[in-house]
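To keep things clear, I will list the structure first and then write my remarks on it.
The values are calculated or read from the model by the stated rules, or taken from the named source; none is laboratory data. Computed from a predicted model, the values in this text were never measured in an experiment. Note that each Cβ is placed from the backbone with ideal geometry, even for glycine, and that neighbours are counted across all protein chains shown.
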């Protein structure tokens with residue numbers, strides 16, 4: 001590679017060191033120069049970017065053993081691994097340039113922001129009811145919602161092709177956020193207590209279902225929303241929460257199962273897992289689990305595009321709007337890239353709901369080669385920069401900050417997925433429910449518009465009560481009676 005007589009492992013080590021240097025420089029620029037915070041979009045992006053880029057190359061440098069979710073194609077991908085890591089590092093300056101560009105600020109100024117409303121509990125009740133109706137329709141073939149939940153990890157097969165009903169699961173969480181919305185606005189203890197109870201109940205459902213992705217999304221959203229709308233979280237507390245959640249989600253991946261007979265069976269099976277299995281697999285997600293999966297698609301595209309596969313020249317992006325149409329209405333819509341990748345490189349015999357997570361820059365390579373990787377990083381910079389500027393301009397408006405938190409928390413799904421993940425998945429699973437709830441909290445506003453144009457970005461944040469249409473100089477505990 002590059003005409004020098006170095007082994008592939010040498011090139012892989014050099015590319016990893018170059019990547020770490022680029023990441024460290026980016027973090028320094030964001031934190032020391034631009035004064036961004038740990039929960040700002042650029043920090044969240046860099047954290048998950050490293051989390052999905054590094055595990056497979058680092059493991060490949062240490063050992064070539066194929067276990068767990070490590071791809072069987074690893075021997076053929078090793079010559080292309082250094083190039084994939086190098087490209088991932090080179091893309092970071094493009095991301096940073098886009099993130100802090102004037103274009104991101106102009107985009108943010110054109111995004112409408114919602115006014116604060118008073119009917120947060122009404123929004124919680126209506127969204128919860130709607131979510132439960134959707135889930136009841138989803139679970140009717142299983143004999144009810146409880147039986148569906150007891151399917152555990154196997155419930156994913158029942159959701160395939162029924163995404164328009166399965167959105168009830170993430171929407172339940174969005175409903176609970178409107179209780180936190182009320183607390184951010186009025187700081188009434190009852191809103192906080194109800195929120196803790198509601199989000200705990202939703203979390204228990206996802207623990208039984210083994211939905212680690214949604215649990216991570218829930219935790220990130222709450223942290224980001226609390227930090228932006230209620231009170232800044234210290235770095236020490238954030239670190240403690242992060243370590244605890246990582247260990248907990250990792251253990252959930254080990255003990256999760258399918259087809260429970262009852263709720264007590266969930267506990268019995270989980271507690272029966274052998275200690276040796278936990279000890280041997282406590283970091284399996286980083287070493288042989290889901291974090292080693294998505295990045296394999298980038299060296300695979302570097303190996304295959306132009307030889308086995310023709311460049312798509314933007315086709316995968318152009319067909320993304322088709323995924324707004326439910327599969328039940330349009331069953332012949334193109335298969336997701338994750339499923340296509342499985343069929344192309346792993347053959348048949350897999351369920352329609354099975355696939356390998358498709359890394360977001362790998363889609364860029366599939367379309368335009370290495371230039372596509374740089375282009376994707378630039379577009380993500382523009383997008384997340386606009387999200388960052390939107391938060392600054394929104395100040396303390398709880399509705400705008402909810403949209404912000406839901407979007408930033410979705411970053412890890414976008415990195416470990418193709419363009420459809422962000423373009424269709426984020427609006428369908430999160431933003432649509434949040435927008436509906438925002439309309440409900442503003443019910444009865446009359447001719448006053450719910451949405452207004454965001455002004456030029458300003459770092460002067462006002463308290464949420466400043467946006468409360470009926471706010472007095474100080475809102476007391478009786479504010480909750482206004483629902």
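Here are the numbers for this structure:
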read-out: Selection count where residues are surrounded by fewer than 24 Cβ atoms within 10 Å (Cβ to Cβ), within 17 Å of the chain's Cα centre (by Cα) and part of a helix (DSSP H, G or I), scope the range 353-375; value: 0
read-out: Only one of 215, 137, 151 that is surrounded by 17 or more Cβ atoms within 10 Å (Cβ to Cβ) and in contact with a helix residue (DSSP H, G or I) (Cβ under 6 Å, 6 or more places away or on another chain); value: 215
read-out: Residues of the range 305-316 satisfying the condition of being part of a helix (DSSP H, G or I) and crowded, with 19+ Cβ neighbours inside 10 Å; value: 316
read-out: Residue within the range 229-247 that is part of a helix (DSSP H, G or I), crowded, with 17+ Cβ neighbours inside 10 Å, free of Cβ contacts under 8 Å to residues at least 60 places away in the same chain and within 20 Å of the chain's Cα centre (by Cα) present; value: no
read-out: Test result for residue 479, surrounded by 16 or more Cβ atoms within 10 Å (Cβ to Cβ) and either at pLDDT below 50 or assigned to a loop (DSSP other than H, G, I, E, B) (or both); value: yes
read-out: The range 76-102, residues that are free of Cβ contacts under 8 Å to residues at least 12 places away in the same chain and outside any helix (DSSP H, G or I); value: none
read-out: Residue among 383, 412 that is out of contact with any helix residue (DSSP H, G or I) (no Cβ under 6 Å at 6 or more places or on another chain) and either in contact (Cβ under 8 Å) with a residue 40 or more places away in the chain or on the phi < 0 side of the Ramachandran plot (or both); value: 383
read-out: Residue within the range 103-110 that is free of Cβ contacts under 8 Å to residues at least 40 places away in the same chain, touching a helix residue (DSSP H, G or I) at 6+ places or on another chain (Cβ under 6 Å) and surrounded by fewer than 21 Cβ atoms within 10 Å (Cβ to Cβ) present; value: no
